[in-house]
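Notes to accompany the following structure.
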Amino acid sequence: DKFPYPHFMAKEIHEQPETIARAINQFLDMTTGALRPLPSLDFDFTTLPRITAAACGSAYYAGATAKYWFENYAALPFDIDIASEFRYRHPRLTEGGLALMISQSGETADSLAALRHCAANGQHIASVVNVEESTMARESATIFPLLCGAEIGVASTKAFTSQLAVLLCLALKAAQARGTLEPEMLHKRIAALMLLPAALSEALKAEPQLKQVARRLAYFHDVLYLGRGPFYPLALEGALKLKEISYIHAEGYAAGELKHGPIALVEKGTPVIVLAPTDELFDKTLSNLKEVTARGAHVILITDPPGAEIAGGDAAEIIVMPQVDPAIAPIVSAIPLQLLAYHTAVERKLDVDRPRNLAKSVTVE
Ligand code: M6R
């Protein structure tokens, strides 16, 4: 039941403070901050040579974000492919490696084919999956459930953020096991995770402003999303969300790629959504923001209070998110992307929960 929300997507967006808390609580005692032991695994993070991940759509973007966490925090090589590409490109797998599948439904045909390819080639198989009775869950030696409840809206929202949260917790567990993060840094990241549900509640407060922004966005034909580092996959996810439910053409780009082509699209009034909280890449993204502003773009900047202060006059609109540890900032920034897509589709009077041509789960390739 979606009551009191007009759409399941709205309900699922608003559930995220609770669904995230549930996902994290599997790994972390949310009152003491102690990392819980993992269930028995058929692999060992300390000796694992590599993780090979494959997924589709939003689940792929969650994996692409997690690559930054596993490589930065756990110094663990992490490859991620779109499952439909992975299955046909004859990937070279590392002996003793872990194949990590990411899926809400656990029934996506290409992701299952990727899993089977890895299993046939001697990889350990684990999946980050929501539906615990799914084929993927059954065929995995280890499952890390999302615990976000049934997701009805075709556009993934709460499953996406739970995938991110589970993957971040796993990256921190791997970092702990491998001793790759200073204890102080590990504690900082854990403390940040404990604050994540509250940060998501805070982020949801930007809804009235995002609704206003969406009223204008609804009348454009092309929207560009830019981000760097872990905000690059988030830019891709924001663009996917907008196109799938509002049918507006949207492209996500790594901000550093701007001058390699996409800047040619920018003309007076082109909406450009820039994801840039204050992290070590902020200045670089800010200079990209200035480049598109100088060419007349209508920049919608998603940042934190210090970012808003610095970027001030260079953006047409600023959506201010709470200031959080860089580890969890990508998860927080998913919220304004979802709300923007949702309200744009509502403004265009579209069937938000059942967009045209799409199925909730893609069980054929
Ligand atoms: O069930 P899965 O997570 O395997 O599904 C993967 C994609 O089909 C899915 O994320 C799709 O891209 C969503 N409609 C995105 O909102």
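The values are calculated or read from the model by the stated rules, or taken from the named source; none is laboratory data. All of these numbers come straight from a predicted model, not from anything done at the bench. FYI the Cβ positions are ideal-geometry reconstructions off the backbone, even for glycines, and counts take in every protein chain you see. Remember, those area values only see protein heavy atoms, side chains included, never the ligands or the DNA or RNA. Shrake-Rupley method; radii C 1.70, N 1.55, O 1.52, S 1.80 Å.
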Kirkwood Rh over alpha-carbon pairs of the chain plugged into Stokes-Einstein at 25 °C, 0.890 mPa s gives a D in µm²/s of 119
With Cα coordinates, the longest principal axis of the chain makes an angle with the long axis of helix 158-178, in degrees rounded to 10, of 50
The farthest towards the positive end of the charge dipole of the chain, of the residues Leu38, Thr293, Ala276, given +1 on Cβ of Lys and Arg and -1 on Cβ of Asp and Glu, is Thr293
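Which links in Lys11/Lys243; Lys284/Lys349; Lys158/Lys290; Lys173/Lys205; Lys158/Lys188 stretch past 28 Å when you go from one Cα to the other?
Violating the 28 Å limit, Cα to Cα: Lys284/Lys349; Lys158/Lys290; Lys173/Lys205.
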For Lys211, the aspartates and glutamates lying under 13 Å Cα to Cα, once residues fewer than eight places off in the same chain are dropped, come out as Glu317, Glu347
Residue-ordered couplings for region 208-217, obtained by feeding phi - 60° into the Karplus form 6.51 cos²θ - 1.76 cosθ + 1.60 and rounding to whole Hz (Gly and Pro as x), are x, 5, 5, 5, 4, 4, 5, 4, 7, 4
Once all protein chains are kept in place, Lys243 shows an accessible area at probe 1.4 Å, nearest 10 Å², of 80
In order over region 316-322: 3J(HN,Hα) from phi, Karplus 6.51/-1.76/1.60, θ = phi - 60°, whole Hz, x for each Gly or Pro, gives 6, 9, 10, 9, 9, 9, x
Length gained if Phe220 through Ser201 is fully extended, taking 0.36 nm per residue and subtracting the Cα-Cα distance, is 3.9 nm
Largest fluctuation, Tyr253, Tyr73, Tyr219 only, Gaussian network model of the chain with Cα springs under 10 angstrom, belongs to Tyr219
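Among residues other than Tyr61 whose Cβ falls under 11 Å from its Cβ, what is the net charge (Lys/Arg +1, Asp/Glu -1)?
Details: positive: Lys67, Lys241; negative: Glu237.
Within the 11 Å Cβ shell, the charges total +1.
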Listed residues Leu76, Leu210, Leu38; largest mean-square fluctuation, Gaussian network over the chain with Cα springs below 10 Å, found at Leu38
Quick calc, the chain, dipole around Cα centre from Cβ unit charges on Lys, Arg (+) and Asp, Glu (-), nearest 20 debye, gives 500
Taking only protein heavy atoms and a 1.4 Å probe, the highest-to-lowest accessible-area order of His124, His249, His260, His343 is His260, His249, His124, His343
